[in-house]
Amino acid sequence: MGRTLFVLRFWRLAALAVLLSGCASTYLLDNQVQSFSQLGAVPAQPTYRFERSLSQQADPAQQALEALADPALYKAGLRRDDAAPRYSVQVGARTERSFSPYSDPYWGPWGWGGGWGLGFGGRHFGLGLGGPWPRTDSYWFHREVSVIVRELASNRVVYETHASNDGPWFDNRSVLPAMFEAAMQGFPNPPQGPRRVDIQVGRSSG
């Protein structure tokens, strides 16, 4: 029983160490951004409410997407006020997964790695890794986000911006907020034409 408990505790500590080793990673997310504006400056009361198309109204994930976009809108100077909005804001996102252009064609989507293994012999024990595991470098994602700001009084679009990114990053909850932040950079007077906007994602614990 004592040896079994030791094995279980060792397993948990080893797994925790692997998970924590990835928590400190940061990376620079490069975005291709293009924006169009008919606003000269942020108004005195830059309030807004979210607007949804018919398809977005039927999408249960739309509310979560709006929550991911909200910090970027706030950072740009807009303030959400459903009771007295001056603007409506419609946000959208699209993600496509494909095979990585940088993965090794001779190995395919699988590589070596695997589960934990423990063996005991006398006073010694060994720790090994088996495989195969799916290779994370075989995944590639193309993402696009969009923000459309409409002036409610005139019912005209006054700001439109788009951002796109290609890369191996898995987590939409980390990538999409950074993409919305990139899309809103320069609001309400963004540079003309396509541009690259880099956003750091993640925070180092060290």
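The values are calculated or read from the model by the stated rules, or taken from the named source; none is laboratory data. Values in this document were obtained by computation on a predicted structure and should not be read as measured data. Every residue, glycine among them, receives a Cβ derived from its backbone with ideal geometry; neighbour counts consider all protein chains shown.
Brief remarks on what is shown
- Note on region 134-183: among residues that are of a type in the set (Lys, Arg) and loosely packed, with under 15 Cβ neighbours inside 10 Å, the one that is modelled with the highest pLDDT is 156.
- Restricting attention to region 164-195, the residues that are touching a residue at least 60 places away in the same chain (Cβ under 8 Å) and within 17 Å of the chain's Cα centre (by Cα) add up to 18.
- Cross-chain or 6+ apart pairs with Cβ under 7 Å, region 65-90 first and under 18 Å from residue 162 (Cα atoms), then part of a helix (DSSP H, G or I) and among the acidic types (Asp, Glu): 72/181; 75/181
- Unique match (being closer than 23 Å to residue 165 by Cα, aromatic (Phe, Trp, Tyr) and in contact with a strand residue (DSSP E or B) (Cβ under 8 Å, 6 or more places away or on another chain)) among 50, 99: 99
- Where residue 192 falls short, out of the listed (1) farther than 27 Å from residue 40 by Cβ; (2) at pLDDT below 95: (1)
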